[in-house]
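First the structure, in the form of structure tokens, and then the observations on it.
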Amino acid sequence: MDLGITGRRAAVAGASAGLGLATARALAAEGVHVAICGRDRDRIERAARDVGDRAVPLVADVGTPDGATEFVEAAISALGGVDILVTNAGGPPPGTFASTPLDAYPAALDLNLLSVVAMCKAAVPAMQERRWGRVVAITSISVRQPIATLILSNTARAGATGFLKTLALEVAADGVTVNSVLPGLHDTDRLRQLHAGDLTAAAAQQPTGTVGDADDFGAVVTFLCSEQARYLTGTAVPVDGGAYRALL
């Protein structure tokens with residue numbers, strides 16, 4: 001299927017590895033020019049070589065609103081504009097209500113909420129002017145089903161989901177769609193680190209009996225950026241192998 005996005009320009013945050021990198025690869029395979037960022041120059045340059053000739057590596061830390069804005073501005077400068085924005089960042093430290101001090105919340109909100117707002121502020125107005133744009137936020141299944149011991153992430157990402165839904169309604173008539181994808185467990189370096197390289201136990205917890213493939217996840221994000229997905233906006237799509245079990 002031709003997704004109709006050849007020649008479009010995308011900024012993909014947090015793309016030195018994992019789901020962000022897989023998303024950048026999938027977009028580039030569809031002919032999209034991709035600016036990707038990470039905090040470490042060597043890692044993001046390796047990632048760009050993995051993505052291919054259509055990738056531009058940028059060093060940026062999207063964990064703060066200022067860093068997030070700077071990334072999008074640098075992507076616009078490098079590509080001549082941004083038609084597609086994929087927001088993505090790591091998660092804050094684990095903790096419970098009892099163990100997490102109040103002063104830990106601002107940094108978590110910067111990382112997983114305000115950075116999303118900042119990237120959208122930097123990218124969306126020009127999309128509205130061009131009457132075409134795609135925003136896809138990589139968040140977490142925790143926005144529908146809070147994960148124990150991740151109170152900071154649960155709180156901040158749920159806030160981001162509320163922002164994205166509101167934004168989707170405001171810009172829908174301008175040809176800009178805004179969606180989020182909610183990953184469950186996928187075979188990434190991060191998951192392997194958490195499980196000492198053995199994903200057997202993690203896979204056994206999933207209805208499918210497997211963890212997800214990062215490249216499959218990237219393909220879902222890329223479809224949401226397509227022409228065919230023009231009527232799909234304001235959604236939060238679980239990509240978790242059925243781990244989320246509620247009806248809605």
Any chance Phe97 is at pLDDT 95 or above, closer than 23 Å to Val239 by Cβ, surrounded by fewer than 20 Cβ atoms within 10 Å (Cβ to Cβ) and of a type in the set (Phe, Trp, Tyr)
no
Only unsatisfied item for Arg54, checking (1) within 21 Å of Thr155 (Cα to Cα); (2) in contact with a Leu (Cβ under 9 Å, 6 or more places away or on another chain); (3) charged (D, E, K, R), is (1)
Considering every residue within the stretch 107-128, establish whether at least one is closer than 25 Å to Val220 by Cβ, among the basic types (Lys, Arg), surrounded by fewer than 19 Cβ atoms within 10 Å (Cβ to Cβ) and modelled with pLDDT of 95 or more.
no
Scan the stretch 194-248 residue by residue and report those that are assigned to a helix (DSSP H, G or I) and of a type in the set (Gly, Ala, Ser).
Ala201, Ala202, Ala203, Ala204, Ala214, Gly218, Ala219
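So, in the stretch 30-52, how many residues would count as being without any contact (Cβ under 8 Å) to a residue 40 or more places away in the chain and not in a loop (DSSP other than H, G, I, E, B)?
From the stretch 30-52, those without any contact (Cβ under 8 Å) to a residue 40 or more places away in the chain are 31, 34, 36-52; that's our starting set.
Among the residues that remain, those that are also not in a loop (DSSP other than H, G, I, E, B) are: 34, 36-38, 41-51.
Looking only at that region, the number is 15.
Residues are listed down the side, and each one gets a yes or a no for (1) closer than 22 Å to Ala236 by Cα; (2) within 18 Å of the chain's Cα centre (by Cα); (3) among the hydrophobic types (A, V, I, L, M, F, W, C):
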{"residue": "Val34", "(1), (2), (3)": "no, yes, yes"}
{"residue": "Gly38", "(1), (2), (3)": "no, yes, no"}
{"residue": "Val56", "(1), (2), (3)": "no, yes, yes"}
{"residue": "Val86", "(1), (2), (3)": "yes, yes, yes"}
{"residue": "Ala89", "(1), (2), (3)": "yes, yes, yes"}
{"residue": "Asp103", "(1), (2), (3)": "no, no, no"}
{"residue": "Leu111", "(1), (2), (3)": "yes, yes, yes"}
{"residue": "Cys120", "(1), (2), (3)": "yes, yes, yes"}
{"residue": "Arg130", "(1), (2), (3)": "no, no, no"}
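Looking at the structure I just gave you, is Thr233 closer than 21 Å to Gly20 by Cα and in contact with a Lys or Arg (Cβ under 6 Å, 6 or more places away or on another chain)?
no
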Determine if the stretch 156-177 includes at least one residue that is part of a helix (DSSP H, G or I), of a type in the set (D, E, K, R), within 14 Å of the chain's Cα centre (by Cα) and crowded, with 21+ Cβ neighbours inside 10 Å.
yes
What tally of residues in the stretch 100-140 results from selecting those that are assigned to a helix (DSSP H, G or I), farther than 26 Å from Gly7 by Cα and polar (S, T, N, Q)?
2
Scanning the stretch 206-248 for residues that are of a type in the set (Val, Ile, Thr) and in contact with a helix residue (DSSP H, G or I) (Cβ under 6 Å, 6 or more places away or on another chain), the one surrounded by the most Cβ atoms within 10 Å (Cβ to Cβ) turns out to be Val221
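The values are calculated or read from the model by the stated rules, or taken from the named source; none is laboratory data. Just so it is clear, the model here is predicted, and its values are computed rather than measured. Neighbour counts run over all protein chains shown; Cβ positions are idealised from the backbone, glycine included.
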